[in-house]
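> Please read through the structure below; I'll follow up with questions.
What follows is calculated from the coordinates using simple rules that are stated; it is not laboratory data. Model, not experiment: these values are computed from the prediction. Neighbour counts run over all protein chains shown; Cβ positions are idealised from the backbone, glycine included.
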Amino acid sequence: MSAAREPLDVAAIVAAIDEVLAAATRPIALHEPRFGGRELDYLGECIRTGWVSSAGAFVDRFEEEIARFTGARHAVLTVNGTAALHVALLAAGVSRDDEVIIPALTFVATANAVQYCGAIPHFADSEERTLGLDPSKLAEHLAQISDVHDGRCINRQTGRRIAAVVPMHTFGHPVDMAPLLDTCRTYGLPVIEDAAESLGSHYHGRHTGTLGRLGVLSFNGNKVVTTGGGGALLTDDPNLARSLRHLTTTAKLPHAWEFRHDEVGYNYRMPNLNAALGCAQLEQLPAFLEAKRALAARYAQALSRITGARFFVEAPGVTSNYWLNALLLDREDTGARDALIEALHKERIHVRPAWTPMPLLPMYRGCPAMDLRTTKSLHARLVNLPSSPHL
Ligand SMILES: *Cc1c(COP(=O)(O)O)cnc(C)c1O
C-alpha cells in the first residue's frame with residue numbers, strides 16, 4: 001500500500017512505546033476506566049433514596065447532559081450500545097430479510113444488531129484515511145448492484161431491499177460523512193451512525209452520532225467514559241425519540257396502575273445506578289479527552305522516527321477522541337505484526353490487532369459484500385496501543 005519499503009524495526013518501536021509508557025505500572029491494559037470524580041457520592045445517593053432501577057433522577061439528568069454535550073436534540077439511554085443499535089435499526093424501519101450496509105472492519109456488535117432484526121449484514125470496505133466506511137466505494141458499489149423502485153433500494157444480486165447504512169467511527173476517528181450522506185440521500189437510505197467509540201469526536205464541528213438520522217453511543221467499561229454497561233441513542237427527531245423511549249421500556253402505555261403494552265417492546269432502559277456513574281464520568285470527560293490527545297501526541301512524537309510503520313492521526317477537518325491509538329504498518333505482513341505484538345506483551349504492554357473482519361466469522365461467512373481489499377490490508381497492518389487517559 002505504502003511507498004515505504006523498509007522492514008519493520010520491531011526493537012525500535014518497542015523502545016519508543018516503552019519510553020512513552022515509562023511512568024506507568026505494568027501490566028498496561030489497552031483501555032481502563034478511571035474513577036476520579038463523584039462516582040461514590042452519586043451511587044450512594046441511588047442506594048440511600050432507593051432509586052436504583054430504570055427510573056430515577058440520574059437517568060433524566062444523564063440523558064439531558066448527553067444531549068447537551070453532543071448537540072443532539074434527544075438522547076435515550078439504554079442498557080448497552082448493542083441494544084441501542086438494535087432498536088435504532090428497528091426504529092429506522094429495518095425488518096426481516098432486509099440488508100443493512102455496515103463496514104466489514106468493526107466490532108461484532110454492529111453485525112449482531114442487524115441479525116437481531118432478522119436482517120442480513122452487507123459488508124462495505126473501509127478507507128485508509130479514516131479507517132471507516134469508504135464513501136466513494138459505497139457510491140460505486142450501489143451504482144453497480146442496486147436499483148431504486150418506488151423509493152426502495154433493491155440489491156439486484158439478491159433481490160432483497162437495502163434498508164439502511166451504518167457507518168462506524170473506528171477507534172474514535174470520524175467517517176467522511178458528507179459524501180456518505182449524499183450517496184445515502186440519493187438512494188433513500190437512512191444513516192444510523194455507530195458512534196459507540198467516538199464520544200467527544202467531531203466531524204467538521206458536529207459531534208459524531210448527530211449527522212445521520214440516528215446515532216448510537218456505548219458506555220461499556222473500555223470506552224471513553226463508562227456506566228459499567230450502557231448506551232445511548234441520539235436523534236433530532238422528536239417522534240423517533242418518543243418511539244425509541246417506548247420500544248426500550250417494554251412498549252408500556254402510560255397509566256397509573258394498568259399494564260398495557262401495544263407492541264413487542266424491550267427491557268433496554270438504562271438503570272439509575274448506571275446513569276449515576278455516567279453523570280460522574282461525564283464531568284471528567286473534558287479532562288479525559290485532553291489527556292487522550294496529549295497521549296496521542298506523545299506516541300506520534302516518539303514514533304515519528306521509526307521505519308516500517310506510522311502512528312495513525314486524525315484526518316484534516318475532524319477531531320478524534322483518540323479512543324484507541326493505532327500504529328499502521330507499511331506492509332501487509334501478519335508475521336511482523338504478531339512479532340511486534342508478542343515483543344510488547346513480553347514488556348507487559350497489552351497491544352492488540354484490529355477485530356477479525358466480519359465476513360471471516362463463521363456466522364457472517366457468505367453474507368453479501370463489496371470488494372474488501374482495504375479492510376484486509378488494514379487488518380493485516382494495524383496494532384492498537386494502550387490508550388487509557390491516566391497514561
Ligand atoms: C463498544 C461497541 C459497541 C457497543 O458495545 P456495548 O458493549 O454493547 O455497549 C458497538 N459497536 C462498536 C463499534 C463498539 O466498539
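> Would you check if there is a residue in the range 209-227 being within 16 Å of the ligand (Cβ to nearest atom) and within 24 Å of Gly366 (Cα to Cα)?
Within the range 209-227, not a single residue is within 16 Å of the ligand (Cβ to nearest atom) and within 24 Å of Gly366 (Cα to Cα).
> Sticking with this structure for a sec: Name every residue in the range 235-246 that is surrounded by 24 or more Cβ atoms within 10 Å (Cβ to Cβ) and either within 14 Å of the ligand (Cβ to nearest atom) or part of a helix (DSSP H, G or I) (or both), in order of residue number.
Narrowing the range 235-246 to residues surrounded by 24 or more Cβ atoms within 10 Å (Cβ to Cβ): 235, 244.
Within the range 235-246, Leu244 is the sole residue that qualifies.
> Go through the range 306-339 residue by residue and tally those that are more than 26 Å from the chain's Cα centre (by Cα) and under 21 Å from Ser387 (Cβ atoms).
Selection size over the range 306-339: 1.
> Of all residues in the range 333-357, which are surrounded by 16 or more Cβ atoms within 10 Å (Cβ to Cβ) and either touching a Ser or Thr at 6+ places or on another chain (Cβ under 6 Å) or without any contact (Cβ under 8 Å) to a residue 12 or more places away in the chain (or both)?
Pro357, the sole residue that qualifies.
> Name the one entry in Val76, Val94 that is over 16 Å from the mean Cα position of the chain (by Cα) and under 24 Å from Gly205 (Cα atoms). Working first, answer last.
Working: Val94 fails: under 24 Å from Gly205 (Cα atoms).
Going through Val76, Val94 in turn, just one is over 16 Å from the mean Cα position of the chain (by Cα) and under 24 Å from Gly205 (Cα atoms): Val76.
> Tell me which residues, restricted to the range 235-292, are of a type in the set (Ser, Thr, Tyr) and without any contact (Cβ under 8 Å) to a residue 40 or more places away in the chain.
Of all residues in the range 235-292, those of a type in the set (Ser, Thr, Tyr) come to 235, 243, 248-250, 266, 268.
Result: Thr250, single match.
> On to the next question. If a residue counts only when it is more than 17 Å from Arg269 (Cβ to Cβ) and touching a residue at least 60 places away in the same chain (Cβ under 8 Å), which helices (runs of 4 or more DSSP H) contained entirely in the range 20-99 have at least 2 such residues?
Values: elements: 39-49, 57-70, 81-91.
Per the criteria, 39-49, 57-70.
> Quick test for you: out of Val165, Val94, pick the one residue that is out of contact with any Asp or Glu (no Cβ under 7 Å at 6 or more places or on another chain) and either within 14 Å of the ligand (Cβ to nearest atom) or farther than 25 Å from Glu263 by Cα (or both).
Val165
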